[in-house]
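Single-structure report; data block below.
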């Protein structure tokens, strides 16, 4: 421990939970006479800061730990309400059934963009919690509030998409052209809401049924679609906004990967990364696909953009292609993240590792904290790991985002008391945290909202942790008032 850092720590009376995490951290939680390890801080937690030089424990006061302190009250209350709803199997199944029905119906009566009453009900219950709005005047204030809360930036995505259901109806040429134009305008509208350093998420299938059919067939991008796609790329490049190409259902994914690699060949050059492909860790083939793309990038001289997610299409994907257990998916996600950060991926070593930009998108607190600690360790050891960023969906896993933001807050505070390389190291340790926000009409967002409901329904442990943290935050605010 350097003298300046020791002096700074000595001057502090109260050290927050993530101030402790700026140094190696150990803790035990006493529960009915037994000690157990936990990944979530609680009020009865005893913290010990380890001196990195000697390993000796330095006692600290009980921390003030509020990862949801910046969450607006309406969002906090909705988090508690929806958490309670999804915690009930009966209510959760009812909600899932309703959303699935609304997403697939062709009835005008059940179309929330036509039925004013249904629109208002869905907005109040779920839409306003997970989506930013349908107009720029609704969207931009949401993005500005997130950035003011400490996020490095935002990911904004137009929610319109096509879901495959067996054989699709053929599309007429004029209808295909109309859908591509709508998709282009929607993505340009998305870019107009963003700033330098932000991301835009994009789905190929949002361009309509003809593009979905081309993806299923393994065709090359149609000429009109390709022209629209490159217009979006050039616009994003000019304003300094990066692009995520979303993963989609397996019937589309092989072609999505091929089209996106072609974009990376063209735009991820000269040390810049404009395009990131999305890789789903719950698929058994994903580790090998990333390895193949790393080798292509190294051989051809372009940079690989990796957005790693667990996967969101379990309702539609072929089950045999998905890892058998959650533990297998966890191991896949954690293993891929570690290999990318340490620049050692199967038979690809540091000596022939291409430039990679890694974005870890996920709501599993253990996986996110594991990656953050590994990145910090690499920085403190003098390595220069590739850029690492984190993101969670708007309206979900706010406690996970909040924990990361506390790391940012503590690193910045520590940097103020240091100079030179020590200050720069603290800045490098701080994670870059983003929120992913979707926009579109209520109807356009229904498929997205259905997947969010399924994700909440299938993640009882994470949901319970988030609900507990939200209740703690509400109680803290009530006590303060």
ask   = Exactly one of (1) over 25 Å from the mean Cα position of the chain (by Cα); (2) within 16 Å of residue 452 (Cβ to Cβ) is unmet by residue 95. Its number?
value = (1)
task = Go over the candidates 339, 320 one by one and state the one that is surrounded by 17 or more Cβ atoms within 10 Å (Cβ to Cβ) and part of a helix (DSSP H, G or I).
result = 339
key: Which listed residue, of 343, 407, 370, is assigned by TED's automatic domain parsing to the domain that holds residue 425 and at positive phi   = 343
note = Of the residues in region 343-368 that are touching a helix residue (DSSP H, G or I) at 6+ places or on another chain (Cβ under 7 Å) and in a helix (DSSP H, G or I), the one that is nearest to residue 272 (Cα to Cα) is 352
ask   = Do we find that residue 445 is assigned by TED's automatic domain parsing to the domain that holds residue 276, at pLDDT 90 or above and buried (at least 23 other Cβ atoms within 10 Å of the Cβ) in this structure?
value = yes
query = What residue, of 265, 258, is loosely packed, with under 15 Cβ neighbours inside 10 Å and in the same structural domain as residue 237 (by TED's automatic domain parsing)?
reply = 258
remark   = Across (1) over 23 Å from residue 201 (Cα atoms); (2) surrounded by fewer than 20 Cβ atoms within 10 Å (Cβ to Cβ), residue 354 clears everything bar (2)
inquiry  = Of everything in region 127-148, what is in a helix (DSSP H, G or I), in contact with a strand residue (DSSP E or B) (Cβ under 8 Å, 6 or more places away or on another chain) and crowded, with 18+ Cβ neighbours inside 10 Å? Give them in sequence order.
reply    = 130, 139, 142, 143, 146
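Scan region 461-480 and tell me whether some residue there is assigned to a loop (DSSP other than H, G, I, E, B) and modelled with pLDDT under 90. If you could, list the steps in order and put the result at the bottom.
Step one: list which residues in region 461-480 are assigned to a loop (DSSP other than H, G, I, E, B), which gives none.
Within region 461-480, none of the residues are assigned to a loop (DSSP other than H, G, I, E, B) and modelled with pLDDT under 90.
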Residue within region 428-438 that is buried (at least 17 other Cβ atoms within 10 Å of the Cβ), assigned by TED's automatic domain parsing to the domain that holds residue 134, under 30 Å from residue 116 (Cβ atoms) and in contact with a helix residue (DSSP H, G or I) (Cβ under 6 Å, 6 or more places away or on another chain) present = yes
note = Within region 229-251, restricting to residues that are part of a helix (DSSP H, G or I) and modelled with pLDDT under 95, the one that is farthest from residue 315 (Cα to Cα) is 251
key: Whichever residue in region 221-242 is over 17 Å from residue 181 (Cα atoms) and in contact with a helix residue (DSSP H, G or I) (Cβ under 8 Å, 6 or more places away or on another chain) and, among such residues, is surrounded by the most Cβ atoms within 10 Å (Cβ to Cβ)   = 242
Positions within region 396-431 being outside any helix (DSSP H, G or I) and over 15 Å from residue 362 (Cβ atoms), in sequence order = 417, 418, 419, 430
message = Among the residues of region 277-289, are any assigned to a helix (DSSP H, G or I), at pLDDT 95 or above and over 21 Å from the mean Cα position of the chain (by Cα)?
response = yes
remark   = Among the residues of region 152-180, the number that are modelled with pLDDT of 95 or more and either more than 19 Å from the chain's Cα centre (by Cα) or buried (at least 22 other Cβ atoms within 10 Å of the Cβ) (or both) is 6
task = Name every residue in region 369-401 that is touching a helix residue (DSSP H, G or I) at 6+ places or on another chain (Cβ under 8 Å) and over 24 Å from residue 345 (Cβ atoms), in order of residue number.
result = 392, 393, 394, 395, 396, 397, 398, 399, 400
ask   = (1) within 18 Å of residue 463 (Cα to Cα); (2) in a helix (DSSP H, G or I): which one isn't true of residue 392, the others all being true?
value = (2)
task = Could you tell me which of the residues 250, 298 is touching a helix residue (DSSP H, G or I) at 6+ places or on another chain (Cβ under 8 Å), touching a residue at least 40 places away in the same chain (Cβ under 8 Å), within 30 Å of residue 196 (Cβ to Cβ) and surrounded by fewer than 20 Cβ atoms within 10 Å (Cβ to Cβ)?
result = 298
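The values are calculated or read from the model by the stated rules, or taken from the named source; none is laboratory data. What you see is a predicted model, and the numbers here were worked out from it, not measured in a lab. Backbone-built Cβ (ideal geometry, glycine too); neighbour counts: all protein chains shown.
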